[in-house]
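Read through the structure below, which is laid out as structure tokens, and then see the notes.
The values are calculated or read from the model by the stated rules, or taken from the named source; none is laboratory data. Computed from a prediction, not measured in an experiment: that's the story for all the values here. Here the Cβ positions follow ideal geometry from the backbone for every residue, glycine too, while neighbour counts run over all protein chains shown.
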Amino acid sequence: MADTDNAPDDIDLKAALEERYLAYALSTIMHRALPDVRDGLKPVHRRLLYAMLQLRLDPGQAFKKSARVVGDVMGKFHPHGDTAIYDALVRLAQDFAVRYPLVDGQGNFGTVDGDAAAAMRYTEARLTEVARLLLDGLDEDAVDFRETYDGLDREPVVLPGGFPNLLANGASGIAVGMATNVPPHNAAEVADAALHLIKHPEARLDTILKIVPGPDFPTGGIIVEPADAIAEAYRTGRGGFRVRSRWSREEGARGIWQVVITEIPYLVQKSRLIERIAELLEARKLPLLGDVRDESADDVRIVLEPRSRQVDADLMMESLFRLTDLEARIPLNMNVLMGGQVPRVVGLVEVIRAWLDHLKVVTVRRAEHRLGKVSHRLEVLDGYLVVYLDLDRVIAIIREEDEPKPALIAEFTLTDVQAEAILNMRLRSLRRLEEMEIRREHERLTVERGELEALIASDDLQWERVAASVREVRDKFGPRTDLGRRRTSFADAPTTSAEDVAEAMIEREPITVVLSQRGWIRALKGHVDDLEKLAFRSDDALGSRLHVETTDKLLVLATDGRVYTLGADRLPGGRGHGEPLRLILELEGGVEVASLFPHEADGQWLFATRAGRGFIASADDLVGTTKRGRQVVALATGDAAVAAVPAAGDHVAVLGDNRKLLVFPVEQVPTLAKGRGVRLQKYQSGGLAAVRTFILAEGLAAVGASEAEQRLKGADLEAYLGQRATTGRQLARRTKGLA
């Protein structure tokens with residue numbers, strides 16, 4: 001029989017997994033990924049600064065090896081890999097990654113090119129003045145401490161945070177089911193906003209945004225995000241900022257110029273950026289750019305040479321902004337630990353208020369700690385003053401009594417603390433001068449105790465003390481200091497149209513567009529006139545050809561009356577037979593291509609249907625922005641669009657299937673953006689066969705019976721003149737049709 005007394009209890013696997021996953025998620029959120037809103041630090045950063053404080057690596061003191069710091073952090077506070085700890089230390093020292101570095105590094109701590117830092121045994125580190133502000137008050141009971149992971153030491157739960165580190169230096173991290181992204185800001189602006197909130201606790205976000213207009217990145221750049229989008233991001237705690245590189249145009253000799261980039265977006269690696277530009281240049285996707293080179297030394301200097309001096313610098317840069325990290329979007333997701341416990345997405349005003357509330361708590365705790373020290377010292381001084389009234393009796397008690405402490409307490413009505421202090425007093429302190437110094441110290445500490453008690457009891461005095469510490473931050477990191485001046489500026493969003501930029505990104509080359517009779521299209525390089533040797537499918541032949549450039553737009557009229565816009569650069573190459581145009585346009589079944597013509601600014605086109613209706617439309621009204629095209633010709637049931645010809649003459653010639661030709665003034669055809677139009681020619685049967693516009697004085701081009709071109713003019717043409725919507729007159733036998 002099996003022994004069931006010692007058998008393990010059954011475990012619900014689902015509940016066990018949920019419990020363990022929740023524990024892992026909470027550990028990741030609270031102890032690794034999300035910063036505390038009060039000091040803006042994650043645990044690893046907080047432990048690094050605390051370990052460096054214990055190593056006496058204060059600003060101005062000697063450096064110590066980074067390996068020593070990493071070893072102390074890993075051994076005492078942070079039981080994780082040394083690589084992760086050193087990476088965190090390196091980032092705190094990089095002035096291109098952190099707006100206000102917390103670590104002063106000596107040695108190779110990496111570059112903006114993405115180069116890694118040297119090994120920790122080669123680099124040295126110490127704290128900066130910013131870190132000192134964060135740590136100031138740590139030995140004055142300003143914050144709570146907790147046991148370390150092994151229970152052998154203690155570490156701060158949060159730092160006193162005399163510097164607005166969360167907003168000034170930002171933070172980023174990915175937890176379980178949530179992430180955070182806080183861009184860096186200008187510390188002086190944050191301090192000014194905090195002072196305004198102290199004075200006006202109910203201040204609105206609009207007012208704060210006049211003080212803190214947006215992020216201030218260590219690498220500079222230009223923010224082109226609209227003001228309303230920035231305001232919404234700061235209100236909700238979620239959003240983003242479009243940041244562009246700072247560039248200028250440098251003029252050279254003989255009209256030659258170049259663009260010089262001096263600042264790149266935050267967290268963009270310069271070497272990878274240049275590699276990307278070079279790749280696009282090699283792939284011929286930047287036709288306006290001739291060359292790129294890196295002339296950077298300590299500062300960023302990327303030189304862009306245009307392909308020719310006629311290139312527009314703004315268009316060239318817009319094409320680069322669209323395809324490279326010269327423009328980047330910096331996300332905003334202010335998901336932070338509120339009170340060190342609750343992760344929450346908060347807005348700008350709430351973040352500043354949380355920091356101020358923390359400073360107030362720290363101020364009160366430091367005052368209470370100092371009050372305890374002062375009260376203890378005053379108690380001791382009171383005992384000293386009692387001693388000086390009868391020194392001989394005190395000496396006698398100490399010499400004669402076996403237990404002098406109780407005797408002193410009984411004789412002079414002292415406290416235990418006072419008696420202990422008297423017994424520990426040095427003989428040199430018994431001189432008269434020392435008594436005078438004790439009285440002066442007693443008077444000074446009595447005044448200080450009163451001030452501390454008033455501070456602890458008064459909310460207004462506490463906020464005054466907080467405001468004074470915030471002013472210290474503003475003065476130390478003000479706009480007149482090298483570290484404090486704003487580096488990122490603001491500009492309006494670019495006004496260059498997407499159409500102009502898209503055109504600028506296409507390399508301009510002459511091409512010949514060939515459309516076969518069955519609707520197969522291709523593009524030949526160059527302007528080709530001789531197409532006799534061009535091969536077609538066995539059941540196909542040449543339909544039409546156009547001499548255009550790759551930057552041109554082509555307009556395609558379909559039989560259903562829709563006009564489609566097609567970039568000439570997107571056409572298939574000249575090898576082979578091309579591709580069916582109807583498949584490129586994704587035309588519906590039964591719909592065919594009626595006409596292909598180039599877009600010409602300010603041009604006009606005469607549209608005609610099979611039933612003989614038509615109108616004139618401006619080319620700019622035909623360009624579509626969607627893949628489905630634009631419905632231009634409205635058709636009656638059974639009708640179809642059949643032609644689109646340039647409206648370049650003063651007369652219109654319409655030829656029907658019945659070989660009747662009608663010529664009338666072009667003024668009789670209305671100009672519409674879209675519609676059914678008017679009747680051009682009347683038919684008893686059949687429909688429209690051809691339509692042309694021409695100049696009456698120059699005559700009408702036609703095709704003779706022997707396929708020779710002829711021109712109808714004078715008396716030959718007057719016979720066909722009439723009014724629009726009439727039937728016209730039978731075409732002469734010697735004329736086959738219109739050219």
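Residues in the range 351-408 that are within 30 Å of T236 (Cα to Cα) and among the small types (G, A, S): A354 only.
Residue selection: S538 satisfies the criterion of being more than 30 Å from N169 (Cβ to Cβ), outside the structural domain of A619 (by TED's automatic domain parsing), modelled with pLDDT of 80 or more and not in a strand (DSSP E or B). On the stretch given as the range 292-344, residues that are without any contact (Cβ under 8 Å) to a residue 24 or more places away in the chain and among the β-branched types (V, I, T) total 3. For the range 613-648, filtered to residues that are among the charged types (D, E, K, R) and buried (at least 17 other Cβ atoms within 10 Å of the Cβ), the residue that is modelled with the lowest pLDDT is R630.
Quick grid of which residues meet (1) over 30 Å from L195 (Cβ atoms); (2) in the same structural domain as H442 (by TED's automatic domain parsing); (3) of a type in the set (A, V, I, L, M):
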{"residue": "E368", "(1), (2), (3)": "no, yes, no"}
{"residue": "K373", "(1), (2), (3)": "no, yes, no"}
{"residue": "V380", "(1), (2), (3)": "yes, yes, yes"}
{"residue": "Y388", "(1), (2), (3)": "yes, yes, no"}
{"residue": "D392", "(1), (2), (3)": "yes, yes, no"}
{"residue": "E401", "(1), (2), (3)": "yes, yes, no"}
{"residue": "I409", "(1), (2), (3)": "yes, yes, yes"}
{"residue": "T413", "(1), (2), (3)": "yes, yes, no"}
{"residue": "R428", "(1), (2), (3)": "yes, yes, no"}
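Is the range 519-529 home to any residue that is exposed (fewer than 15 other Cβ atoms within 10 Å of the Cβ) and without any contact (Cβ under 8 Å) to a residue 12 or more places away in the chain?
Within the range 519-529 (the criterion being exposed (fewer than 15 other Cβ atoms within 10 Å of the Cβ) and without any contact (Cβ under 8 Å) to a residue 12 or more places away in the chain), the answer is yes, since at least one residue qualifies.
The residues in the range 442-477 that are within 30 Å of G383 (Cβ to Cβ) and without any contact (Cβ under 8 Å) to a residue 24 or more places away in the chain can be counted, and the count is 7.
Only a single item in (1) among the aliphatic types (A, V, I, L, M); (2) part of a helix (DSSP H, G or I); (3) surrounded by 13 or more Cβ atoms within 10 Å (Cβ to Cβ) is not met by L414, and it is number (2). Only residues that are buried (at least 16 other Cβ atoms within 10 Å of the Cβ), within 22 Å of D82 (Cα to Cα) and within 32 Å of the chain's Cα centre (by Cα) were counted across the range 107-125, and they come to 5. Of the residues in the range 222-241, none is crowded, with 20+ Cβ neighbours inside 10 Å, among the hydrophobic types (A, V, I, L, M, F, W, C) and more than 21 Å from the chain's Cα centre (by Cα). Just one of (1) under 22 Å from A97 (Cβ atoms); (2) without any contact (Cβ under 8 Å) to a residue 60 or more places away in the chain fails for L289. It is (1). Regarding the range 171-179, can at least one residue be identified that is surrounded by 17 or more Cβ atoms within 10 Å (Cβ to Cβ) and at pLDDT 95 or above? No, the range 171-179 contains no residue that is surrounded by 17 or more Cβ atoms within 10 Å (Cβ to Cβ) and at pLDDT 95 or above.
When the criteria are applied in full, L566 fails the requirement of being out of contact with any Phe, Trp or Tyr (no Cβ under 7 Å at 6 or more places or on another chain) and farther than 25 Å from A673 by Cα. The residues listed here are L557, L596, L546; of these, the one that is crowded, with 19+ Cβ neighbours inside 10 Å, within 30 Å of Q681 (Cα to Cα) and in contact with a Phe, Trp or Tyr (Cβ under 8 Å, 6 or more places away or on another chain) is L557. Restricting the range 324-369 to residues that are surrounded by 17 or more Cβ atoms within 10 Å (Cβ to Cβ) and closer than 30 Å to E305 by Cα, the residue that is nearest to the chain's Cα centre (by Cα) is I330. Which residue is surrounded by the fewest Cβ atoms within 10 Å (Cβ to Cβ), if the candidates are limited to the range 79-106 and must be touching a residue at least 60 places away in the same chain (Cβ under 8 Å) and out of contact with any Leu (no Cβ under 8 Å at 6 or more places or on another chain)? Filtering the range 79-106 for residues that are touching a residue at least 60 places away in the same chain (Cβ under 8 Å) and out of contact with any Leu (no Cβ under 8 Å at 6 or more places or on another chain), the one surrounded by the fewest Cβ atoms within 10 Å (Cβ to Cβ) comes out as P79. Every condition in (1) touching a Phe, Trp or Tyr at 6+ places or on another chain (Cβ under 8 Å); (2) in a strand (DSSP E or B) is met by G649 except one, and the failing one is (2).
This table checks each residue for (1) within 28 Å of A297 (Cβ to Cβ); (2) not in a loop (DSSP other than H, G, I, E, B).
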site: F217; (1), (2): yes, no
site: G240; (1), (2): no, yes
site: W247; (1), (2): yes, yes
site: R254; (1), (2): yes, yes
site: V259; (1), (2): yes, yes
site: P265; (1), (2): yes, no
site: L273; (1), (2): yes, yes
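Can you pull out the residues in the range 374-407 that are of a type in the set (D, E, K, R) and surrounded by fewer than 14 Cβ atoms within 10 Å (Cβ to Cβ)? Within the range 374-407, D390, D392, R393, R399, E400, E401, D402, E403 meet the criteria. Got at least one residue in the range 424-446 being outside any loop (DSSP other than H, G, I, E, B), under 30 Å from I222 (Cα atoms) and over 29 Å from the mean Cα position of the chain (by Cα)? Taking every residue of the range 424-446 in turn, none turns out to be outside any loop (DSSP other than H, G, I, E, B), under 30 Å from I222 (Cα atoms) and over 29 Å from the mean Cα position of the chain (by Cα).
Among the residues making up the range 563-585, a single one is in a loop (DSSP other than H, G, I, E, B), at pLDDT below 85 and under 41 Å from the mean Cα position of the chain (by Cα): G573. Applying the criterion of at least 3 residues that are farther than 30 Å from I264 by Cα and modelled with pLDDT of 90 or more to the helices (runs of 4 or more DSSP H) found wholly in the range 9-111 leaves 43-54, 66-72. Within the range 146-158, can one find any residue that is within 30 Å of the chain's Cα centre (by Cα), surrounded by 14 or more Cβ atoms within 10 Å (Cβ to Cβ), in the same structural domain as R46 (by TED's automatic domain parsing) and not in a loop (DSSP other than H, G, I, E, B)? No; the residues of the range 146-158 include none that is within 30 Å of the chain's Cα centre (by Cα), surrounded by 14 or more Cβ atoms within 10 Å (Cβ to Cβ), in the same structural domain as R46 (by TED's automatic domain parsing) and not in a loop (DSSP other than H, G, I, E, B).
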